[in-house]
């Protein structure tokens with residue numbers, strides 16, 4: 001599928017996307033077409049059109065009505081909920097595929113199971129389980145919404161698979177997903193089970209994406225002293241920024257909103273939306289879900305060293321290779337990781353007939 005560089009042609013592009021979904025039903029799930037390096041598809045942009053008030057009306061008016069509804073919600077509220085974007089039976093298939101996979105390799109993985117019998121979050125499990133990648137590729141309205149917001153072909157950069165709620169305090173993702181140009185990133189979260197306060201629902205500071213950005217350079221100097229000494233990852237620096245954003249939201253009169261959603265619903269959030277996971281009332285319960293971090297193809301993603309020093313020089317093209325799978329793109333990852341504790345080579349889990357985790 002050709003990248004959309006012109007939002008005014010999106011109606012035709014969306015039709016091609018829908019048509020492609022129908023055509024792919026007869027193909028082999030997860031078949032890889034090719035691997036490639038790609039140049040930055042938005043390198044000539046300064047920022048996304050949805051963050052420029054002078055561009056919003058012009059770029060919104062020709063979108064299909066359903067897509068415009070979701071882009072408008074993201075622009076106004078910072079998030080949108082796409083109801084029933086994935087059939088519930090596909091959610092069940094994804095969960096069962098994970099259960100078969102984890103059981104098949106229990107000897108390797110069981111040391112990561114917590115006292116309540118749950119795995120921590122698993123990074124890039126979509127590289128192993130096609131049912132998880134399909135939550136990106138077969139999620140038509142969500143995909144078209146990303147396509148509209150980026151004005152370019154979306155790709156799946158990384159993912160986090162959750163067996164239970166994250167219970168994370170409200171935060172912005174941008175320090176970990178600092179793109180060039182900035183803010184060409186979206187969070188895409190698919191509920192594989194109903195998510196409520198009982199098992200830890202998603203929470204958002206609706207409208208928090210509109211608050212002015214803090215002085216990132218000064219925050220960094222407070223922690224590390226020099227902009228030239230900022231590490232790619234610093235928990236102390238991230239927490240300093242996170243707490244200041246949270247206080248900014250509270251000072252603006254914003255309150256955390258809990259999103260009760262059903263299995264098969266997809267939530268897309270703005271790159272600047274403060275969000276987190278609510279407290280889990282029943283820690284024994286699961287809340288299977290997949291968070292996908294998406295960008296336009298070819299876009300590099302940096303971390304805190306570039307986020308807190310936005311004027312620092314940085315290459316404009318992504319250094320990694322991409323896989324194209326039945327017309328949809330993802331960054332090629334050679335490992336997946338359980339709880340940021342242990343990494344496993346994807347090649348060690350190549351699907352063989354006796355290791356069919358699908359159905």
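Out of the residues in segment 248-268 that are at negative phi and free of Cβ contacts under 8 Å to residues at least 60 places away in the same chain, which is surrounded by the most Cβ atoms within 10 Å (Cβ to Cβ)? Step through it out loud before you land on a result.
Of segment 248-268, the ones at negative phi are 248-252, 254-263, 265-268.
From what's left, free of Cβ contacts under 8 Å to residues at least 60 places away in the same chain: 248, 250-252, 254-255, 257.
Working: 248: 17, 250: 14, 251: 9, 252: 12, 254: 19, 255: 10, 257: 15.
In this case the residue turns out to be 254.
Yes/no per residue for (1) closer than 22 Å to residue 207 by Cα; (2) modelled with pLDDT under 75:
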residue	(1), (2)
6	no, yes
27	no, yes
36	no, no
63	no, no
76	yes, no
98	no, no
Fill in the blank from the handout: Looking across segment 229-239 at residues that are in contact with a helix residue (DSSP H, G or I) (Cβ under 7 Å, 6 or more places away or on another chain) and surrounded by fewer than 17 Cβ atoms within 10 Å (Cβ to Cβ), the single one that is farthest from residue 178 (Cα to Cα) is 236
Fill in the blank from the handout: Residues in segment 313-348 that are farther than 21 Å from residue 41 by Cα and either in contact with a strand residue (DSSP E or B) (Cβ under 8 Å, 6 or more places away or on another chain) or at pLDDT 95 or above (or both) total 12
Exercise for the section: Evaluate segment 110-123: report whether one residue or more is crowded, with 23+ Cβ neighbours inside 10 Å, closer than 30 Å to residue 36 by Cβ and in contact (Cβ under 8 Å) with a residue 40 or more places away in the chain. Expected result: yes
Practice task
Filter segment 181-198 for residues that are out of contact with any strand residue (DSSP E or B) (no Cβ under 7 Å at 6 or more places or on another chain) and closer than 26 Å to residue 248 by Cα and give the result.
Solution key: 181, 182, 183
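The rows are residues; the columns are (1) within 19 Å of residue 209 (Cα to Cα); (2) part of a loop (DSSP other than H, G, I, E, B); (3) in contact with a strand residue (DSSP E or B) (Cβ under 9 Å, 6 or more places away or on another chain); (4) at pLDDT 95 or above.
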{"position": "255", "(1), (2), (3), (4)": "yes, yes, no, yes"}
{"position": "268", "(1), (2), (3), (4)": "yes, no, yes, yes"}
{"position": "280", "(1), (2), (3), (4)": "no, yes, no, no"}
{"position": "285", "(1), (2), (3), (4)": "no, yes, no, no"}
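The values are calculated or read from the model by the stated rules, or taken from the named source; none is laboratory data. The structure displayed is predicted, hence computed values, not measured ones. Neighbour counts run over all protein chains shown; Cβ positions are idealised from the backbone, glycine included.
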